[in-house]
Amino acid sequence: MSGIIAFLRKFYFLVLFLCLEIASLVFVFTNNYYHEAGFFNSSNRITGGVYSAYSGILSYFNLKNVNAQLAQENTRLLNLVSERKDTSNHKKSPETNPFGEQFNFIPAGVIDNSTNLPNNYITLNAGSEQGIGEGMGVISPQGIVGVVIKTSAHYSVVMSLLHKKILVSVMFKKSGTFGTLSWNEELTPHANWPGGDYRFATLAQIPMSEKIRIGDTITTSGYSNIFPKGIMVGTVYDYKSIPELYFYVIRVKLSTDFKNLKYVYVVTDLKKIEKENLETTAENSLNDKKK
């Protein structure tokens, strides 16, 4: 008790000041609605700012889950479009159902990716247990990505479009004129273009009779068992006529941003075996007739 009395004697003026300060604040905020409202508004702003920042941090770290959910939903919608039946009597048009009932789509995440090598590869976190097999095409929401070349139970390796050995049949969306797209540096010297840029590929075998404009859209042609017709590839960035080769060399700006690949879709051609068997049978039949 004596200690408390000694403390009060020593800090008498400080304790008195604090008591008077607290009493004055109580009188101000309990008898003046303006100050009371201002006090609570300030408190709400501070609290709201803290909660907003906290929510933003949680949202940032939850982006991975959100993106995965969006990829699953996009896959479901793609497959719904692919499975939709046309009950009319006329032939189904691409506008009615761009993929027919031929293709299925499997979502996968990108866990490894290169863009600065002569031959680039991508590793996916889905494999044979998810239905992925060698030779299947890979696309992103922006455009084509590459072709699966190897799978294990839970992983797949994709030959990226940024690979010197990959060739893709593509076409001009406006005219249907088709050619071959590659990441081929052998053609770029003809046009004095630098090679090895992940943003561009080279389109060849387009006849010089084709009317080309900068910005023309290039899509997949569908002339293979890898990609459906009409998948976005890119746009014409530049072109040169090569008279000695009798065609244009075209620089295509790719629609897929290979530096920021996170999620892709593996394309399964449900009628691939039927088509390949028919083509083999036809070829064998012609060979037998020649004999």
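The numbers here are math on the coordinates, done by the rules we state, and not lab data. Note that the structure is a prediction, hence the values are computed from the model and not measured. Please note: Cβ atoms are built from the backbone with ideal geometry, for glycine as well, and neighbour counts cover all protein chains shown.
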When Leu278, Leu124 are ordered from fewest to most other Cβ atoms inside 10 Å of their Cβ, what list results?
-> Leu278, Leu124
For Ser209 paired with Ser285, estimate the spin-label separation in nm (one decimal), with each label point 7 Å from Cα along the Cα-to-Cβ line.
-> 3.1
Long-range HN-HN contacts of Asp216 with modeled amide H, under 5 Å = Val236
Using 0.36 nm per residue, how much length does the chain from Lys164 to Glu274 gain when fully extended, once their Cα-Cα distance is taken away?
-> 36.6 nm
Tell me, in nm to one decimal, what length is gained between Glu129 and Leu245 on full extension, where the rule is 0.36 nm per residue of separation less the Cα-Cα distance?
-> 37.1 nm
Restraint check, Lys150/Lys174; Lys165/Lys289; Lys150/Lys289; Lys164/Lys271, Cα-Cα greater than 30 Å = Lys150/Lys174; Lys165/Lys289; Lys150/Lys289
Separation between Cα centres of the range 236-291 and the range 110-155, rounded to whole Å = 17
